[in-house]
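Written below as structure tokens is the structure these notes are about.
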Ligand SMILES: Cc1ncc(COP(=O)(O)O)c(C=O)c1O
């Protein structure tokens, strides 16, 4: 028997233009909250009503791992802020709304589970990780541990650093799916040497949806800390997809993109740095006190699109209305649904154990190219993506809270036709 979900505030929908619709979405979320999580995830008629918080699309979008759409409340908030700011940009941006960034920072810290003074607002995960990798003091011969399954732009960053600073990259190969916590920890820690300066750990591997459990990351980070190794967690997919606190990871730095699972405006992200490590990272864009421990030193970027940043608060409200416990369970329920329907017919590259996967799954079909399957899906107006890493290649499916079982059935019909 699962826990009863706490009743959400459903506050986010109050600013929505269509009041009747907003009330209906609010009611359906409240109805979900009256049920146990196990029952709530299965209520298609309620989720169908939640779906109306998002724009109708003529394309079935099953690539939410790339970028997620924003619910109307977020789009409307950003548009409203843009309109107001345009009345007198310097007044609103620098006098009125500049202070509001602090409110957003507080809300993000609550969402992430860390101190307010540990959150910098950035544009995305790539920028956040680059800030750390280019901001540490490197010596020739220092080593960085990373995996071949890390994200492409992140690997490119480390490769450039290796060239420029004569740093050595120590590559780990994660056999995916991996369902053994001790093995995960060992794969990283057995690479520690006297020269190891930093580790890059991807919390949810985008290619297959593999989750590295919080407890495994914690063990790696604790072991690294003892040796003075700086730990960086790439949490692009973790924040707002699964229930955890950044402070529980025990890492020195954590990066995420808010335009993925939080459904916040495009081009918004966070960089967390543990309070006592902020002074060890130089900001990318010079600040007055670059060696200080004020996290705001990472935000010296000049004039930025403030309306997008301000609308993050609506995305957090909407996310909190559904609640991370229910959201994570629904996302896993959707993934399990299509994976179970296909598992005897295709090769699944994603774990079916809840602690090792959530929303994202990868499959391939022996003898049928990924591009052929994608071609069929596209022809049927279904958007999924190709995922290729090391020796894995397949079709990645990533639904979101607005995806229904009927839509997954539509995708399954097309895949079965291909088979
Ligand atoms: C694991 C991982 N890290 C980093 C990124 C980069 O995210 P962004 O493009 O928002 O910087 C992605 C994007 O898909 C990702 O999957």
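Filtering segment 220-239 to residues that are assigned to a loop (DSSP other than H, G, I, E, B), away from the ligand (no atom under 12 Å from the Cβ) and buried (at least 24 other Cβ atoms within 10 Å of the Cβ) leaves nothing.
Here residue 279 does not qualify as over 17 Å from the mean Cα position of the chain (by Cα) and in a loop (DSSP other than H, G, I, E, B).
Looking at 101, 123, 105, 95, just one residue is closer than 24 Å to residue 297 by Cα, modelled with pLDDT under 95 and touching a strand residue (DSSP E or B) at 6+ places or on another chain (Cβ under 8 Å), and that residue is 101.
Of the candidates 207, 138, the single residue that is buried (at least 17 other Cβ atoms within 10 Å of the Cβ), away from the ligand (no atom under 13 Å from the Cβ), in the same structural domain as residue 223 (by TED's automatic domain parsing) and part of a loop (DSSP other than H, G, I, E, B) is 138. Selection of segment 84-111 for residues being touching a residue at least 40 places away in the same chain (Cβ under 8 Å), under 27 Å from residue 157 (Cα atoms) and more than 16 Å from the ligand (Cβ to nearest atom) yields an empty set.
Every condition in (1) assigned to a helix (DSSP H, G or I); (2) surrounded by fewer than 13 Cβ atoms within 10 Å (Cβ to Cβ) is met by residue 31 except one, and the failing one is (2).
In the set 248, 289, 276, which member is surrounded by fewer than 23 Cβ atoms within 10 Å (Cβ to Cβ) and more than 17 Å from residue 113 (Cα to Cα)?
Exactly one residue qualifies, and that residue is 289.
Residues in segment 225-250 that are over 23 Å from residue 327 (Cα atoms) and in contact with a helix residue (DSSP H, G or I) (Cβ under 8 Å, 6 or more places away or on another chain): how many?
Number satisfying all stated conditions: 4.
Quick one: is residue 134 more than 16 Å from the chain's Cα centre (by Cα) and either modelled with pLDDT under 95 or over 29 Å from residue 166 (Cβ atoms) (or both)? For residue 134, the condition - more than 16 Å from the chain's Cα centre (by Cα) and either modelled with pLDDT under 95 or over 29 Å from residue 166 (Cβ atoms) (or both) - is not met. Comparison of 129, 145 shows that the only residue that is more than 16 Å from the ligand (Cβ to nearest atom), closer than 30 Å to residue 191 by Cβ, buried (at least 22 other Cβ atoms within 10 Å of the Cβ) and modelled with pLDDT of 95 or more is 145. In segment 333-391, the residue that is modelled with the lowest pLDDT out of those that are out of contact with any strand residue (DSSP E or B) (no Cβ under 6 Å at 6 or more places or on another chain), crowded, with 20+ Cβ neighbours inside 10 Å and more than 30 Å from residue 37 (Cα to Cα) is 389. Cβ-Cβ distances below 9 Å connect the following pairs, each with a first residue in segment 148-161 that is within 15 Å of residue 393 (Cα to Cα), a second residue that is modelled with pLDDT under 95 and exposed (fewer than 14 other Cβ atoms within 10 Å of the Cβ), and a separation of six or more residues or different chains: 148/390; 149/390. Residue pairs whose Cβ atoms lie under 6 Å apart, sitting 6 or more positions apart in sequence or on different chains, and linking a residue in segment 232-251 that is over 19 Å from residue 67 (Cα atoms) to a partner that is part of a loop (DSSP other than H, G, I, E, B), are 233/203; 233/251; 245/113; 246/113; 246/114; 247/113; 247/114.
The values are calculated or read from the model by the stated rules, or taken from the named source; none is laboratory data. It should be emphasised that the depicted structure is a prediction, and the values quoted were computed from it without experimental measurement. Counting neighbours? That spans all protein chains shown, and the Cβs are built from the backbone with ideal geometry, glycine included.
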